[in-house]
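> So that we are looking at the same thing, I have put the structure below in structure tokens.
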Amino acid sequence: MTTIDLDHNATTPIDPEVLEAMRPFWLAGGNPESRHAVGRLARRGLEAARESIAQVLHAAPAEVVFTSGGTEANNLAIFGLAEVGNRLGLPSDPSLPPQVVSNPVEHSAVAEAVAQLGSSRGFVVDRAEVGADGRVDAASMAELLRPETRLAALMAANNETGAIQPLAEFARLANEVGVPVHTDAVQCVGKVPVDFHRLGVATLAASAHKFHGPGGVGVLLVRRDIKLPPRLFGGGQQGGRRPGTPAVALAVGMAKALERWRAEIDQRSERWARLRDLLEGTLVAGLGRNRVIRNGPIEPEYRLPQTLNVGFPGVDGDALLMQLDLGGVAASLGSACASGATEPSPTLLAMKVPKDRLRSSVRFSLGAGTTEADVVEAASRIVAVVCRISDATGPG
Ligand code: PLP
């Protein structure tokens, strides 16, 4: 039995065409900083990748900083913006500590960095609440901004629920008071259109392995008026913003994966949304509406097209995930596993998801290669597993 991969928000297999585009750069070698023909070839590849990524994301090439992935891009932005400070220089009481505004549904790559600002840099951390659908209210989040606010973080879309946040609206309110906004767009880029300049954010993080590009490369877009201090020190590459010899083949692969997505954007979005809804509909048909409860927004425009998070009330999530694995479906629990004990997901907790769904919610996420046959077969395997677990444990 082959496993059906419905865990693409964790990572995606590389697109063979992306691999082909990268191959010559790996085989040729060449340091883009070297002043000889081999180096120049590498530099051309790197700069073409930078331009292509900038074009797809509606940024300028000079605003693209290559990183090792989403985690590094998020950290670079958060610790950098924390030093830049409030750009309008609004009068603030010097006796008050600096403040950062965030929310409880950020990925740990942002949440932990923000927590560090609190625990080791003396920042006050204020987090906006989210509604039952996992979205913040932009105006309520903006009410937390003060003259002491150095930065605010709001992700573009959530990795567990697929909820798309009111980012442009929040960034507009933050810009009015001069507060730079960082967005973790790791789950948005390569899935829904992203326009860096229109969003109005200061910095934006993306990661190639989430959209059929290679692992180990990402970008931080840095708006040109933001002078972001570096986190690493070394050879001064990328204008000193992120030194270290750039991984040319990986950058080329990231650009190619984004180009492939853009070329198919309408087909992928339409097919993903159809298959996501087919998956939910088939689960509901097999188990009944009260045994399959969706976590996340109702409105299609606030949902990633390829993410479905559902709770199976009364079913133990750990057992479910294990049985799904044995039953040939790869999915993910909306929870963090620490020292053997699975903790409820902070995202679902913040959404005030009822207790019987907190530990029974599973994320299914589709990729570019997911077919209708995959979804139909996976749904039947999931229904069988949920029925078997429920029969074994009795009504939950
Ligand atoms: N941000 C979000 C929303 C994610 O889903 C992930 C990966 O799971 C990351 C950041 C981290 O990205 P990377 O794995 O490239 O470090």
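> I'm trying to understand the selection: among the residues of the range 196-221, which are closer than 20 Å to Val179 by Cα, touching a Gly at 6+ places or on another chain (Cβ under 8 Å) and either more than 11 Å from the ligand (Cβ to nearest atom) or open to solvent by 10 Å² or more (accessible area, probe 1.4 Å) (or both)?
Here is the first cut: in the range 196-221, the residues closer than 20 Å to Val179 by Cα are 196-205, 220-221.
If we keep only those that are touching a Gly at 6+ places or on another chain (Cβ under 8 Å) too, we end up with 203, 205.
The one that is closer than 20 Å to Val179 by Cα, touching a Gly at 6+ places or on another chain (Cβ under 8 Å) and either more than 11 Å from the ligand (Cβ to nearest atom) or open to solvent by 10 Å² or more (accessible area, probe 1.4 Å) (or both): Thr203.
> Please verify whether Met155 is under 18 Å from Leu221 (Cα atoms) and modelled with pLDDT of 95 or more, treating the condition exactly as stated.
Details: under 18 Å from Leu221 (Cα atoms): yes; modelled with pLDDT of 95 or more: yes.
It is true that Met155 is under 18 Å from Leu221 (Cα atoms) and modelled with pLDDT of 95 or more.
> Can I ask one more? Among the residues that make up the range 40-47, is at least one of them open to solvent by less than 50 Å² (accessible area, probe 1.4 Å), more than 16 Å from the ligand (Cβ to nearest atom) and in contact with a strand residue (DSSP E or B) (Cβ under 9 Å, 6 or more places away or on another chain)?
From the range 40-47, those open to solvent by less than 50 Å² (accessible area, probe 1.4 Å) are 42, 45-46; that's our starting set.
Filter once more, keeping what is more than 16 Å from the ligand (Cβ to nearest atom): 42, 45-46.
Within this subset, residues satisfying the condition of being in contact with a strand residue (DSSP E or B) (Cβ under 9 Å, 6 or more places away or on another chain) are 46.
Yes.
> For the range 272-304, how many residues meet the condition of being open to solvent by 60 Å² or more (accessible area, probe 1.4 Å) and part of a helix (DSSP H, G or I)? First the steps, then the outcome.
Taking the range 272-304 first, the residues open to solvent by 60 Å² or more (accessible area, probe 1.4 Å) are 274, 277, 285, 289-291, 294, 298-302.
After this cut, where a residue has to be part of a helix (DSSP H, G or I) as well, the list is 274, 277, 285, 289-291, 300-302.
Final tally of qualifying residues: 9.
> Further question on the same structure: Filter the helices (runs of 4 or more DSSP H) completely within the range 63-155 down to those with at least 1 residues that are closer than 17 Å to Val186 by Cα, touching a residue at least 40 places away in the same chain (Cβ under 8 Å) and within 16 Å of the ligand (Cβ to nearest atom). Working first, answer last.
Values: elements: 70-84, 108-120, 138-142.
Where helices (runs of 4 or more DSSP H) fall fully within the range 63-155 and carry at least 1 residues being closer than 17 Å to Val186 by Cα, touching a residue at least 40 places away in the same chain (Cβ under 8 Å) and within 16 Å of the ligand (Cβ to nearest atom), they are 70-84, 108-120.
> Another question, then. How many of the residues in the range 225-250 are within 22 Å of Ala156 (Cα to Cα) and at pLDDT 95 or above? Break it down stepwise before answering.
Within the range 225-250, the first condition is being within 22 Å of Ala156 (Cα to Cα), and the residues that meet it are 225-226, 228.
Then keep just the ones that are at pLDDT 95 or above; that gives none.
Of the residues in that region, 0 qualify.
> Looking at the structure I just gave you, is Ala59 within 29 Å of the chain's Cα centre (by Cα), at pLDDT 95 or above, within 16 Å of the ligand (Cβ to nearest atom) and closer than 16 Å to Val201 by Cβ?
Values: within 29 Å of the chain's Cα centre (by Cα): yes; at pLDDT 95 or above: yes; within 16 Å of the ligand (Cβ to nearest atom): no; closer than 16 Å to Val201 by Cβ: yes.
Judged against the criteria, Ala59 is not a match.
> Which residue out of Val329, Val376 is of a type in the set (A, V, I, L, M, F, W, C), at pLDDT 95 or above and surrounded by fewer than 19 Cβ atoms within 10 Å (Cβ to Cβ)?
Values: Val329 fails: surrounded by fewer than 19 Cβ atoms within 10 Å (Cβ to Cβ).
Matching residue, one of Val329, Val376: Val376.
The values are calculated or read from the model by the stated rules, or taken from the named source; none is laboratory data. Note that the coordinates shown come from a computational prediction; the quantities given were computed from them, not determined experimentally. Neighbour counts run over all protein chains shown; Cβ positions are idealised from the backbone, glycine included. To get the accessible areas, we keep the full protein, side chains included, count just its heavy atoms, and leave off ligands, DNA and RNA. Shrake-Rupley method; radii C 1.70, N 1.55, O 1.52, S 1.80 Å.
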